[in-house]
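Trainee: Here it is: the structure, laid out below.
The values are calculated or read from the model by the stated rules, or taken from the named source; none is laboratory data. Bear in mind the structure is a predicted one, so any value in this text is a computation, not a measurement. Positions of Cβ are generated from backbone atoms using ideal geometry, with glycine treated the same way; all protein chains shown enter the neighbour counts.
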Amino acid sequence: MLLELKDLTLLYGRIQALHGISLTVGEGEIVALIGANGAGKSTTMRAISGLRAVAQGSILFDGEDITKLRADLRVVRGVSQSPEGRGVFPGMSVRENLEMGAYTRRNRAEIDEDLDRVFTLFPRLKEREKQAGGTMSGGEQQMLAVGRALMSRPKLLLLDEPSMGLAPMLIQQIFDIIVEINQQGTTVLLVEQNAQQALSRAHRAYVLETGRIVKEGTGQELLHDPAVKDAYLGVA
Amino acid sequence: MSTIMSSLRRADEGRARAMTGLRSRWSSLPRAWRIGAIGAFMVLLYSLPGLNIPLIKTPDTDFTSVLFLCAVYVLVAVGLNVVIGLAGLLDLGYIGFYAVGAYTVAILGSPNSPVVVKFPWIVCVPIAIAVAMLSGVLLGWPTLRLRGDYLAIVTLGFGEIIRVFALNSNITNGNRGINGVPVPSEANWPSWMTWFPYVSSEKQIFSVSNVIGFYWLALTLVVLCILGVRRLERSRVGRSWLAIREDEEAAEVMGVPTFKYKLWAFAIGAALGGLSGALFFSKQTFINAQGFDLFTSILWVAAVVIGGAGNQLGVAVGAILLAYLPERFREFADYRLLIFGVALIVMTIFRPQGLLPSRRRSVELEDRAKEASVVE
């Protein structure tokens with residue numbers, strides 16, 4: 001297992017946000033976390049990337065216990081997050097944003113190689129190379145955030161709502177790219193409100209409700225699960 | 001109302017375009033020209049005490065003393081800019097570091113302090129910088145985990161604690177203060193310097209009655225510190241500060257050790273604050289707790305914000321306005337808190353990026369405004 005959460009609890013002040021989350025992500029998988037607003041999806045992501053301290057339970061990454069490890073050191077280990085929403089550096093250019101993604105790396109040749117790779121995945125970013133991140137459209141910022149997360153050459157890519165605020169056509173496109181990234185060898189854990197897309201693209205998925213995992217299965221299983229259909233897929 | 005706002009905005013955009021035009025025209029000049037222009041400007045700055053320019057002279061105060069004050073304030077602003085403008089941390093108690101630097105020199109260098117040692121100036125100042133830096137680390141260690149407003153409140157408290165301590169402690173002589181703060185050198189001007197107006201070989205280089213030596217020293221330190229900070233800004237340290245300022249969480253998940261770099265910003269800012277205090281009170285030769293009120297500290301923050309946080313040229317202009325205007329226009333002095341307060345309010349509404357903004361910060365502020373309007 002690349003990532004394993006064991007019985008994770010997390011508090012926001014006195015409010016318990018996660019009630020014992022256990023999940024696994026195997027090497028080479030795309031795993032999706034779906035659920036309603038406030039179910040604890042983003043909180044789980046933030047616990048994994050180290051932005052939120054965990055109350056109980058443990059996080060194992062690549063065989064190592066990283067529960068107490070600082071966020072920046074998790075990046076060095078190979079965990080990379082694309083934060084929710086407008087997480088790009090607004091005053092930095094597209095290029096500088098991507099360079100920030102490679103902050104923990106020193107090998108210039110490899111960094112340039114990855115820049116090329118990101119520009120191939122997102123030709124749009126190449127066109128906007130010199131533009132300030134904050135002046136781009138929501139979709140472009142989303143692409144930039146994903147591209148930037150790739151620049152650390154992660155083993156595990158955490159994507160928080162990659163389709164948020166995007167037009168339907170762009171949603172298709174960004175999921176195509178996620179699958180492509182995965183096929184190039186990066187393990188992906190993604191959080192999505194767009195359950196339809198997430199489940200049809202993911203190998204496996206977990207359903208979160210009020211801080212608990214209530215269901216798990218392969219993407220296809222959950223896609224055809226009546227309860228999931230009812231609650232998240234909005235089938236008429 | 002909205003038409004006024006939009007016409008103001010248009011005017012503002014026009015000015016911004018003119019600014020960037022000026023900036024790009026400047027950077028497209030041949031290197032030799034730029035160096036020449038900067039060189040000429042430096043010569044002008046150094047010769048200001050000897051020039052008799054009628055309109056800028058101050059009516060009641062020795063003009064060179066005002067120049068010295070400006071230079072010290074610029075040094076303060078350069079240090080505060082590291083904390084506020086580069087790392088994006090709001091420090092309202094910066095005067096605490098200034099006081100620590102000043103008192104360290106006074107206590108270690110004056111024969112009249114309760115501590116009997118009497119070190120020369122050149123030994124005291126590095127110690128003062130180190131002690132100020134240490135106080136920055138000690139204050140930052142527990143507080144830099146706090147965010148925004150909390151940090152501002154804690155630093156405000158720190159500034160006040162230092163002042164109250166200075167007022168009541170034995171080591172600072174309480175309210176009686178310490179006189180005989182050492183000067184950099186007791187020597188007279190060498191004869192080869194006497195061609196400059198007001199310089200004569202019967203006068204000391206560093207004295208309260210003839211401040212030219214102090215002014216030149218301060219100006220030199222300002223230039224060195226500006227160049228040093230500029231170098232830092234363009235290094236990996238500067239990039240880390242930039243990332244922290246723009247989005248601290250994003251910086252963290254990029255692998256930036258945010259706490260470490262915030263602490264560095266605090267320490268470097270504190271060191272520069274300590275140096276400024278040491279410099280200013282070497283000229284005064286007398287120090288007591290009255291020089292360290294919180295209003296001054298807050299005015300410094302205002303100067304940095306009004307000038308244009310993040311841009312060294314901008315904060316220097318802000319600092320010079322703060323030091324110079326009350327001396328040039330006496331009527332101004334009584335109202336300076338009011339005037340700077342109003343200026344600050346007007347600026348935050350119409351031009352939050354400051355008079356001479358850093359280009360990045362302008363984009364950041366726009367982005368933040370956009371985000372706020374989304375939340376609404």
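Yes or no, residue by residue, for (1) β-branched (Val, Ile, Thr); (2) on the phi < 0 side of the Ramachandran plot; (3) touching a strand residue (DSSP E or B) at 6+ places or on another chain (Cβ under 8 Å):
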{"residue": "A:48", "(1), (2), (3)": "yes, yes, yes"}
{"residue": "A:63", "(1), (2), (3)": "no, no, no"}
{"residue": "A:74", "(1), (2), (3)": "no, yes, yes"}
{"residue": "A:90", "(1), (2), (3)": "no, yes, yes"}
{"residue": "A:95", "(1), (2), (3)": "no, yes, no"}
{"residue": "A:99", "(1), (2), (3)": "no, yes, no"}
{"residue": "A:103", "(1), (2), (3)": "no, yes, no"}
{"residue": "A:106", "(1), (2), (3)": "no, yes, no"}
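Trainee: Out of all the residues in the stretch A:50-74, which are assigned to a loop (DSSP other than H, G, I, E, B) and either touching a Phe, Trp or Tyr at 6+ places or on another chain (Cβ under 6 Å) or surrounded by fewer than 17 Cβ atoms within 10 Å (Cβ to Cβ) (or both)?
Mentor: Pass one, the stretch A:50-74, residues assigned to a loop (DSSP other than H, G, I, E, B): A:50-55, A:62-63, A:66-70.
Matches in the stretch A:50-74: A:53, A:55, A:62, A:63, A:68, A:69, A:70.
Trainee: Inspect all residues belonging to the stretch B:309-330 and state whether any of them is more than 30 Å from residue B:131 (Cα to Cα) and out of contact with any helix residue (DSSP H, G or I) (no Cβ under 9 Å at 6 or more places or on another chain).
Mentor: Our first condition is that a residue be more than 30 Å from residue B:131 (Cα to Cα); within the stretch B:309-330, this holds for B:325-330.
Narrowing the set further to residues that are out of contact with any helix residue (DSSP H, G or I) (no Cβ under 9 Å at 6 or more places or on another chain) leaves B:329-330.
Taking every residue of the stretch B:309-330 in turn, at least one turns out to be more than 30 Å from residue B:131 (Cα to Cα) and out of contact with any helix residue (DSSP H, G or I) (no Cβ under 9 Å at 6 or more places or on another chain).
Trainee: Could you check residue A:45 against (1) touching a helix residue (DSSP H, G or I) at 6+ places or on another chain (Cβ under 8 Å); (2) buried (at least 23 other Cβ atoms within 10 Å of the Cβ) and say which number it fails?
Mentor: (1)
Trainee: If a residue has to be hydrophobic (A, V, I, L, M, F, W, C) and touching a strand residue (DSSP E or B) at 6+ places or on another chain (Cβ under 7 Å) to count, how many in the stretch B:256-299 make the cut?
Mentor: 3
Trainee: Determine which member of the set A:27, A:110 is acidic (Asp, Glu), in contact (Cβ under 8 Å) with a residue 24 or more places away in the chain and either assigned by TED's automatic domain parsing to the domain that holds residue A:148 or in a helix (DSSP H, G or I) (or both). Give the derivation first.
Mentor: On the way: A:27 fails: either assigned by TED's automatic domain parsing to the domain that holds residue A:148 or in a helix (DSSP H, G or I) (or both).
Only one candidate qualifies: A:110.
Trainee: As an exercise: evaluate residue A:170 against (1) within 14 Å of chain B (Cβ to nearest Cβ); (2) surrounded by 16 or more Cβ atoms within 10 Å (Cβ to Cβ); (3) farther than 20 Å from residue B:250 by Cα and give the number of the one condition it does not meet.
Mentor: Exception for residue A:170: condition (1).
Trainee: Pairs only if they're at least six apart or on different chains, beta carbon under 7 angstrom, first in the stretch B:315-335 and over 23 Å from residue B:82 (Cα atoms), second basic (Lys, Arg) and in a helix (DSSP H, G or I); list them, first residue then second.
Mentor: Pairs that qualify, where the first residue is over 23 Å from residue B:82 (Cα atoms) and the partner is basic (Lys, Arg) and in a helix (DSSP H, G or I), are B:326/B:336.
Trainee: Another question, if that's okay. From the set of residues in the stretch B:169-218 that are of a type in the set (Val, Ile, Thr) and surrounded by fewer than 16 Cβ atoms within 10 Å (Cβ to Cβ), which is farthest from residue B:124 (Cα to Cα)?
Mentor: Taking the stretch B:169-218 and keeping what is of a type in the set (Val, Ile, Thr), we get B:171-172, B:178, B:181, B:183, B:194, B:199, B:205, B:208, B:211-212.
Filter once more, so that each one left must be surrounded by fewer than 16 Cβ atoms within 10 Å (Cβ to Cβ): B:171, B:194, B:208.
Working: B:171: 16, B:194: 29, B:208: 19 Å.
Looking at the filtered set, the residue picked out is B:194.
Trainee: Further question on the same structure: Across the stretch B:320-376, what is the total count of residues that are more than 16 Å from residue B:298 (Cα to Cα), of a type in the set (Phe, Trp, Tyr) and either surrounded by fewer than 16 Cβ atoms within 10 Å (Cβ to Cβ) or within 14 Å of chain A (Cβ to nearest Cβ) (or both)?
Mentor: Matching residues across the stretch B:320-376 total 3.
Trainee: If I filter the stretch A:122-134 for residues that are away from chain B (no Cβ under 12 Å), crowded, with 16+ Cβ neighbours inside 10 Å and charged (D, E, K, R), do I get at least one hit? So that I can check it myself, show each step before the final result.
Mentor: Within the stretch A:122-134, the subset away from chain B (no Cβ under 12 Å) is A:122-130.
Subset that is crowded, with 16+ Cβ neighbours inside 10 Å: A:122, A:124-125, A:128.
Subsequent filtering for residues that are charged (D, E, K, R) retains A:124, A:128.
There is at least one residue in the stretch A:122-134 that is away from chain B (no Cβ under 12 Å), crowded, with 16+ Cβ neighbours inside 10 Å and charged (D, E, K, R).
Trainee: One residue is enough: does the stretch A:54-67 have a residue meeting the conditions within 13 Å of chain B (Cβ to nearest Cβ), touching a Lys or Arg at 6+ places or on another chain (Cβ under 9 Å) and without any contact (Cβ under 8 Å) to a residue 60 or more places away in the chain?
Mentor: No.
Trainee: Here is a check on your reading of the model: is residue B:297 closer than 30 Å to residue B:107 by Cβ, more than 14 Å from chain A (Cβ to nearest Cβ), buried (at least 18 other Cβ atoms within 10 Å of the Cβ) and within 16 Å of the chain's Cα centre (by Cα)? If you could, list the steps in order and put the result at the bottom.
Mentor: Numbers: closer than 30 Å to residue B:107 by Cβ: yes; more than 14 Å from chain A (Cβ to nearest Cβ): yes; buried (at least 18 other Cβ atoms within 10 Å of the Cβ): yes; within 16 Å of the chain's Cα centre (by Cα): yes.
For residue B:297, the condition - closer than 30 Å to residue B:107 by Cβ, more than 14 Å from chain A (Cβ to nearest Cβ), buried (at least 18 other Cβ atoms within 10 Å of the Cβ) and within 16 Å of the chain's Cα centre (by Cα) - is met.
Trainee: Shifting gears a bit: Filter the stretch B:242-277 down to the residues that are within 12 Å of another protein chain (Cβ to nearest Cβ), in a helix (DSSP H, G or I) and either under 17 Å from residue B:136 (Cβ atoms) or not aliphatic (A, V, I, L, M) (or both) and list them by number.
Mentor: Listed by number, the residues that qualify are B:244, B:245, B:246, B:248, B:249, B:252, B:258, B:259, B:260, B:261.
Trainee: Could you tell me whether the stretch A:39-48 includes any residue that is part of a loop (DSSP other than H, G, I, E, B), in the same structural domain as residue A:3 (by TED's automatic domain parsing) and more than 16 Å from residue A:6 (Cα to Cα)?
Mentor: Quick first cut of the stretch A:39-48, residues part of a loop (DSSP other than H, G, I, E, B) only: A:39-40.
Restricting the remaining residues to those that are in the same structural domain as residue A:3 (by TED's automatic domain parsing) gives A:39-40.
Among the residues that remain, those that are also more than 16 Å from residue A:6 (Cα to Cα) are: A:39.
Yes - at least one qualifying residue is present in the stretch A:39-48.
Trainee: Also, quick follow-up: Pairs under 6 Å by beta carbon, first residue within 11 Å of residue B:178 (Cα to Cα) in the stretch B:273-292, partner charged (D, E, K, R), six or more apart or different chains?
Mentor: Filtered contacts from the stretch B:273-292: B:289/B:163.
Trainee: Tell me yes or no: at least one residue of the stretch A:156-164 is modelled with pLDDT of 95 or more, touching a Gly at 6+ places or on another chain (Cβ under 7 Å) and crowded, with 21+ Cβ neighbours inside 10 Å.
Mentor: Yes, the stretch A:156-164 has at least one match.
Trainee: Looking only at helices (runs of 4 or more DSSP H) that fall completely inside the stretch A:166-233, which ones have 1 or more residues that are of a type in the set (S, T, N, Q) and closer than 15 Å to residue A:146 by Cβ? Show your work before the answer.
Mentor: On the way: elements: A:168-183, A:195-201, A:219-223.
Once the helices (runs of 4 or more DSSP H) in the stretch A:166-233 are filtered for at least 1 residues that are of a type in the set (S, T, N, Q) and closer than 15 Å to residue A:146 by Cβ, what remains is A:168-183, A:195-201.
Trainee: Here's something else I'd like to know. When you scan the stretch A:180-202, how many residues do you find that are touching a helix residue (DSSP H, G or I) at 6+ places or on another chain (Cβ under 6 Å) and either touching a residue at least 60 places away in the same chain (Cβ under 8 Å) or closer than 16 Å to residue A:27 by Cα (or both)?
Mentor: 7
Trainee: Out of all the residues in the stretch A:116-127, is one or more touching a residue at least 40 places away in the same chain (Cβ under 8 Å) and β-branched (Val, Ile, Thr)?
Mentor: No, the stretch A:116-127 contains no residue that is touching a residue at least 40 places away in the same chain (Cβ under 8 Å) and β-branched (Val, Ile, Thr).
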